[in-house]
Amino acid sequence: MQVQNVSPVFQSFDQQYTLAKRLFTDLTKLFKSKKAVELEEKLIFLEIYIELISRIHFNEEKLKFTLFAPYKTLFKSLKKVLHIKLVIQALEEETVTSGIHFTSYKKKLLKDRDLIYADAYDEIFATPTKIWEELYKQAFDHSKQLRPLQINTATTQLINEELAFFKFDSEKQLEAKEIKDIYEGLQLIISLENIRMVSGLNATFTDLIHTYMNDLSQLLYKWYQNHLFLQHLTFSLSEAEDIPSKKYQTLLKKLKSNKKKLTAKAVSQCQHLFSDILG
């Protein structure tokens, strides 16, 4: 489909959509966890774009829900693939660092991985290809004749809404869900900034603030990986018949300590960025 007759902003959607569709097609033939994670990343962008055009076409109240709803179950399955890969990666790094092998836990972890991968492949295979054509058509139609002012207004509104939420959260102790929400909010802001620049608009924030945001995003990613590792290990040990051995108790203590340190650092960086600089 020709994209030159619509707003330049649609070109970014077209590019990400094409990559996502190709990944999806490849995954229907052979499941690869790396490609599943890449598809999850592309779907995040497509959802953000849908949120943008839904804000512009605010008179169509259910537009966002209608366009992305067919992908929700698939997205959740791909998110589980990402999560289990993060836990496996964390365990491998811990094994290398400590020189200790957690054989029984790794066996349980890989069993869970295989189940998650199988479920994800089933979901991919069950997803009708027609939802891709419908998404592209609707995104194309709703991107016609978009003016820079509309994109500027919509992106500014979405960014300001996220910042208002961050300021509220940075004034209290951050819990797991709030840290996850801030991480996802930063992804939204960074994507919207890229969309603004593709559209010929100035970025909302300076390069320095973008650097702060990227640094915070990386920190929250580390926090979330540690959180997932701790969560999965705790649940797995609770199911075991025997009392956890000393090496597992030591690992649990280490992960809890890491979580406490990363949380304190996240709170500090959130307050610095969202209250001291942007507040």
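Key figures for this structure:
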{"item": "Overall Cα dimensions of the range 1-145 - principal axes, largest extent first, Å", "result": "60, 30, 27"}
{"item": "Integer Hz, Karplus 6.51/-1.76/1.60 couplings in order for the range 24-39, x for Gly and Pro", "result": "4, 4, 4, 5, 5, 8, 8, 6, 10, 4, 4, 5, 5, 5, 5, 5"}
{"item": "Estimated distance in nm for a label pair at THR156 and GLU61, the labels positioned 7 Å out from Cα along Cα-to-Cβ", "result": "2.7 nm"}
{"item": "The range 43-58 - phi-based ³J(HN,Hα) in whole Hz, Karplus 6.51/-1.76/1.60, Gly and Pro as x", "result": "5, 4, 5, 4, 5, 5, 5, 4, 5, 5, 5, 5, 5, 5, 9, 5"}
{"item": "For the range 86-103 versus the range 1-76, the gap between their alpha-carbon centres in whole angstrom", "result": "34 Å"}
{"item": "Distance from the range 185-224 to the range 126-154 (C-alpha centre basis), Å", "result": "22 Å"}
{"item": "Viscosity 1.567 mPa s, 4 °C: Kirkwood-radius Stokes-Einstein D of the range 147-279 over Cα pairs, µm²/s", "result": "78 µm²/s"}
{"item": "Convex hull (Cα only) mean projected area of the range 106-195, reported in nm² to one decimal", "result": "9.4 nm²"}
{"item": "Length released on extending from ARG147 to LYS34, taking residue separation times 0.36 nm less the Cα-Cα span", "result": "37.0 nm"}
{"item": "Cα-Cα pairs of the chain separated by more than 23 Å (percent)", "result": "61 percent"}
{"item": "Three semi-axes of the equivalent ellipsoid, the range 63-216, Cα gyration tensor, whole Å, largest first", "result": "35, 26, 13"}
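Laboratory data are not the source of any read-out in this text; all were calculated from the coordinates shown. Here the structure is a predicted model, which means the values were calculated and not measured. Note: ideal-geometry Cβ built from the backbone for every residue, glycine included; neighbour counts use all protein chains shown.
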